[in-house]
Amino acid sequence: MQPPLLPADETKRLESLRRMQLLYTPDEGALDSVTRTAKLIFQTPIVLISLVDHNRQWFKSCLGLPLRETPRDISLCGHAILGDEIFVIEDTTQDERFADNPLVLGEPGIRFYAGRPLKNREGFNIGTLCLIDRIPRLLAPSELQALDDLGKWAELALMARELSDTQAGLVANHDDEARRAMLDAKLNLWNSETTRELLERETIRAFHQQTPLTVLVAEIAGFDAIQDRYGSLAADTLLAELSRTMGSVIRTYDTLGRHGNTQFLMALPGVDEEKARQVVSKLRRACSLIMFMPEDSVVDIHVLLGSASADFRTRTPEPILLIEQAIRNMA
């Protein structure tokens, strides 16, 4: 196995990656849109947006893998960022650099790989948009062009990415390991404790700035029965699809996280009651398109949504009351 070499500008590249505050942060709808589209176009079982850090690659958007990171020394993306062209391995078992790679010999059984390097605003290759298959493949010139176009879309999404001041402050004040502990391991969203902390910070901010704030709560109706019948793996897959769907509707600087075991909570700064109704309507339409097909059957899914809005010009912030009101309004 041949570990990837380090880029000549590695120190500056890592410093630039760190400034982006991307590592160990929740999934984001704009980037998930890119990987979903790539999966649809290329019909590969695995599509990733990977970020190559000092000693690991971490997946900012991940479809088809239960993992969120792998060591850098066995990563194919580590090789891909060394150049500016799409890096293609048609059959890893026929390439001496990768034939004995643990990711080839074991799970996920990589046979085909295509990685399009992603540059950030400062011009550094920070990671890749990559396609992975368990069988050898060839890419036609038109497919290579499509992958390049999707890579440009991913780069624009990364450059346009904007965390709220509240989330950016939380990210900046914690190192990677601390941020890892703030995420729900299964869904790569803020966990319940961190979500509550972010909501508390948003309510205080809204109070001081005299701006509105909306809280949304979402839950799959009859989720426990679905989990009992189809198992935890299928239920987790459904929760992941719901979280990606909601993330594609709300803004990049809104907060989306877990609330307990089965609910999701969203905090929308600057959104009043009228705008909240529009967001809920968009969410209902998007959630109605979720397809859940365990055991070769189609299961109808109904997502309960509730909202509560507050204008803090006349009240002290009480986030727990907003959550309780949103839950009472769920339908």
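The values are calculated or read from the model by the stated rules, or taken from the named source; none is laboratory data. Just so it is clear, the model here is predicted, and its values are computed rather than measured. Heads up, the Cβs are rebuilt from the backbone with ideal geometry, glycines too, and the neighbour counts pull from every protein chain shown.
What the table shows:
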quantity	calculated
Subset of segment 59-76 [within 15 Å of LEU103 (Cβ to Cβ) and hydrophobic (A, V, I, L, M, F, W, C)]	PHE59, CYS62, LEU65, LEU67, ILE74, LEU76
Only one of THR70, THR93 that is outside any loop (DSSP other than H, G, I, E, B), at pLDDT 95 or above and surrounded by 19 or more Cβ atoms within 10 Å (Cβ to Cβ)	THR70
Segment 45-55, residues that are of a type outside the set (S, T, N, Q) and surrounded by 19 or more Cβ atoms within 10 Å (Cβ to Cβ)	ILE46, VAL47, LEU48, ILE49, LEU51, VAL52, ASP53
Hits in segment 201-225 (condition: surrounded by fewer than 19 Cβ atoms within 10 Å (Cβ to Cβ) and either free of Cβ contacts under 8 Å to residues at least 24 places away in the same chain or of a type outside the set (Phe, Trp, Tyr) (or both))	ILE204, ARG205, HIS208, GLN209, GLN210, THR211, ALA221, GLY222, ASP224, ALA225
Only listed residue being buried (at least 16 other Cβ atoms within 10 Å of the Cβ), without any contact (Cβ under 8 Å) to a residue 60 or more places away in the chain and either assigned by TED's automatic domain parsing to the domain that holds GLN145 or not in a strand (DSSP E or B) (or both), chosen from LYS60, LYS39	LYS39
Number of the condition not met by ALA168 [criteria: (1) part of a helix (DSSP H, G or I); (2) surrounded by fewer than 20 Cβ atoms within 10 Å (Cβ to Cβ); (3) over 22 Å from the mean Cα position of the chain (by Cα); (4) among the aliphatic types (A, V, I, L, M)]	(3)
Which listed residue is over 30 Å from ASN261 (Cβ atoms) and over 19 Å from the mean Cα position of the chain (by Cα), from GLU155, GLU202, GLU122, GLU197	GLU122
Long-range neighbours under 7 Å by Cβ, at least six apart or interchain, first residue outside the structural domain of ARG116 (by TED's automatic domain parsing) within segment 88-101, second among the charged types (D, E, K, R) and at pLDDT 95 or above	none
Test: residue in segment 314-321 that is assigned by TED's automatic domain parsing to the domain that holds ARG205, crowded, with 19+ Cβ neighbours inside 10 Å and not charged (D, E, K, R)	yes
Residues of segment 102-148 satisfying the condition of being part of a helix (DSSP H, G or I) and among the polar types (S, T, N, Q)	SER142, GLN145
Options ARG244, ARG251, ARG258; residue that is assigned to a loop (DSSP other than H, G, I, E, B) and under 15 Å from the mean Cα position of the chain (by Cα)	ARG251
Residue under evaluation VAL215, criteria (1) at pLDDT below 95; (2) aliphatic (A, V, I, L, M); (3) touching a strand residue (DSSP E or B) at 6+ places or on another chain (Cβ under 8 Å), criterion not met	(1)
